[in-house]
Amino acid sequence: MPLLDINGTQINYLDEGPKSAPAIIFSTSMFFDVDMFEEQAKTFADRFRVIRYDHRGQGNSAPSPRSQLDMETLTKDVEALIEALEITKCCFVGNSMGGFVGLRLAARRSDIVKSAVILGSSADAEVSVAEMDAVVEVMLEHGIEPVLEDILFFMLGDTTLNDPSRSTIKQRVIQMLKTRTPNYADSVWNIAHREAISDELSEINIPVWIVAGDEDHTYPPEHSKRIAEGIPNSKYFLMEKTGHVHAMENPSAVCDLISAHLKEVEH
């Protein structure tokens with residue numbers, strides 16, 4: 001996988017599909033990497049330029065100190081990525097942390113982002129700061145194992161946690177989480193202490209679809225509803241039997257929704 005030197009760091013990314021085609025950029029949730037959107041890449045790379053990337057400090061991108069893992073810096077990273085790859089007017093798809101970035105891009109960079117799909121995210125300041133700070137302390141001292149079950153609960157919906165037909169998805173997420181090193185705690189800290197973006201939502205003038213999971217334990221549907229209420233002409237969708245990791249828990253539904261979005265906004 002190539003590494004791109006941008007914004008004072010190295011970002012790991014995958015660039016698939018025709019380079020001259022309209023681009024879709026996929027931005028991941030906390031703890032996840034480019035594999036999160038594997039099914040979506042398979043679906044769209046035959047006719048779109050599909051870019052998947054790892055946030056700094058995660059996946060195969062370069063590590064960074066806590067002070068450089070804030071949402072503003074992550075947003076600058078993807079701005080630099082889009083410009084370095086000479087992409088014009090992409091569709092930005094962000095899940096959770098990727099959604100924090102996507103909302104900032106939508107509000108500030110309509111020159112490079114034509115539309116956005118925001119999955120399982122929030123425009124508010126974090127409501128679970130104390131709980132997340134406790135996870136940070138445990139991870140720094142003991143690694144992820146003592147809080148693995150807690151993180152799994154926040155990531156996956158009840159159906160994925162309990163339905164045998166989704167056991168492969170659950171086990172894949174468990175194995176991925178087990179590889180995450182203590183330094184991931186610094187990214188968790190920045191989620192817990194991020195600033196709200198709610199006061200910028202009214203400035204967004206591109207098409208934005210907001211998607212909630214009905215079983216999301218991290219950001220329940222109320223968070224997505226508030227985003228949709230704040231963005232003029234946005235659309236809100238509730239995805240059933242889905243927790244926080246839409247693209248993996250309900251990949252076909254996510255692909256169908258993105259397809260409908262792309263058709264409506266004429267990418």
Distance-filtered residues of the stretch 245-265 - backbone nitrogen under 12 Å, label point 7 angstrom along N233 Cα→Cβ: 265
Radius of gyration and Dmax over the Cα atoms of the stretch 1-41, both given in Å: 11.5, 31
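Using a Förster distance of 51 angstrom, determine the FRET efficiency expected from the C-beta separation of R47 and E141, and round it to 0.05. The partial results should precede the final answer.
Values: r = 48 Å, r/R0 = 0.94.
Efficiency computed from Cβ-Cβ geometry: 0.60.
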Label-point separation, H217 to A21 (7 Å along Cα→Cβ), nm: 3.7
Fraction of beta bridges assigned by DSSP in the chain that are antiparallel (%, nearest 5): 25
Structure-derived volume of the Cα convex hull per residue in Å³ - corresponding label in (1) 137; (2) 110; (3) 147: (2)
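Remind me, what semi-axes does the stretch 179-267 give for its equivalent ellipsoid, largest first in whole Å, using sqrt of 5 times each Cα gyration tensor eigenvalue? Intermediate results must be reported in sequence, preceding the final value.
On the way: eigenvalues 117, 75, 34 Å².
With the √(5λ) rule applied to the stretch 179-267, the semi-axes are 24, 19, 13 Å.
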Shape metrics for the stretch 215-264, restricted to C-alpha atoms - Rg then Dmax, Å: 11.5, 31
Using alpha carbons only: equivalent-ellipsoid semi-axes of the stretch 41-127, gyration tensor based, whole Å: 21, 16, 14
Inter-site label distance for E72 and N183 at 7 Å from Cα along Cβ, in nm: 2.4
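Expressed as a whole percentage, what fraction of the accessible surface of the chain belongs to carbon and sulfur atoms when a 1.4 Å probe is rolled over the protein heavy atoms?
Working: 5340 of 10810 Å².
The nonpolar share, carbon plus sulfur, comes to 49 percent.
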In the stretch 175-267, the GluC sites (Glu not before Pro) that fall in loop regions by DSSP, at most 14 other Cβ within 10 Å: E195, E240, E266
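If you stretched the chain out fully between Q175 and V129, how much longer would it get, using 0.36 nm times the residue separation minus the C-alpha to C-alpha distance?
Working: separation 46, 0.36 × 46 = 16.56 nm, distance 2.61 nm.
Between Q175 and V129, full extension yields an extra 14.0 nm.
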Proximal lysine pairs, the chain, alpha carbons under 14 Å, eight or more residues apart or interchain: 6
Equivalent ellipsoid, the stretch 133-184 (semi-axes from 5 times Cα gyration tensor eigenvalues, Å): 23, 11, 6
Spacing of the two label points (7 Å from each Cα toward its C-beta) at A196 and K263, in nm: 3.7
Along principal axes, Cα extents of the stretch 96-196, largest first, whole Å: 42, 35, 22
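The values are calculated or read from the model by the stated rules, or taken from the named source; none is laboratory data. Keep in mind that what you see is a predicted model, and the values were worked out from it rather than measured. Glycine gets a Cβ as well: all are built from the backbone with ideal geometry, and neighbour counts include every protein chain shown. Remember, those area values only see protein heavy atoms, side chains included, never the ligands or the DNA or RNA. Shrake-Rupley method; radii C 1.70, N 1.55, O 1.52, S 1.80 Å.
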